[in-house]
Amino acid sequence: MKKFILGVMLIGLLFFPVSTTHAVTLNDLTIGNYTVIEKDEIMTTYADNNIEVINGLTETPEIKMKLYVISTSHRSYAVSELLCHYYYDLNTKKIILATEQIYLINGRNGKVVSKTIYKNPKKVVLGPEYPAYPEAMYALKLAIETGQVNLGL
């Protein structure tokens, strides 16, 4: 799956026209308000530390967070920006992920190469065995640390 995503990112940089919209660059990710969530031989995932919390003081908070994925297997300038919407149920400890939009960005200059916006995104129930689970837990940790989510309801 990771190789497929990487292939799509590289093909996108070669064949899609570059738009004028500016987004994050590789340099922004290393010096900005971003945290490395996962790093392996294939890709590195950064999380934007600016999150949006909805219903934070209830038992079913929702958190929107941007994730940035870059290839680390070879020199690549493709950055994927994903807007992830996490739905938490603090009673049942259930987490649901919906990826609402994906931008493919040229990491050298920050121009958006392509964008996909899902009107009805597919929702996936996450568990510890899922690759997206660490990101969901990081978003919840950020929300708790900033006082936007209260676990002691």
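The values are calculated or read from the model by the stated rules, or taken from the named source; none is laboratory data. From a predicted model like this one, the values you see are computed outputs, not experimental measurements. With ideal geometry, Cβ positions are generated from the backbone for all residues, glycine too; neighbour counts draw on all protein chains shown. Accessible surface is based on the protein model in full, side chains and every heavy atom, while ligands, DNA and RNA are left aside. Shrake-Rupley method; radii C 1.70, N 1.55, O 1.52, S 1.80 Å.
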Ignoring ligands and nucleic acids, what accessible area does residue 130 show with a 1.4 Å probe (Å², nearest 10)?
90
Check each of the trypsin sites (Lys or Arg not before Pro) in segment 101-153 and keep only those in coil by DSSP with at most 15 other C-beta atoms within 10 angstrom; list them in order.
108, 119, 122
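Please compute the length gained on full extension between residue 108 and residue 60, using 0.36 nm multiplied by the number of residues separating them and subtracting their Cα-Cα distance. It would help to have the intermediate numbers written out before the result.
Values: separation 48, 0.36 × 48 = 17.28 nm, distance 3.88 nm.
Additional length available on full extension: 13.4 nm.
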Of 114, 71, which has the most accessible area and how do the rest follow, probe 1.4 Å?
114, 71
Output the peptides 53-65, 95-107 sorted from most to least packed, where packing is the average of other Cβ atoms within 10 Å over each peptide's residues.
95-107, 53-65
Semi-axes of segment 79-138 from the Cα gyration tensor (sqrt of 5 times each eigenvalue, largest first, whole Å) come to 27, 13, 8
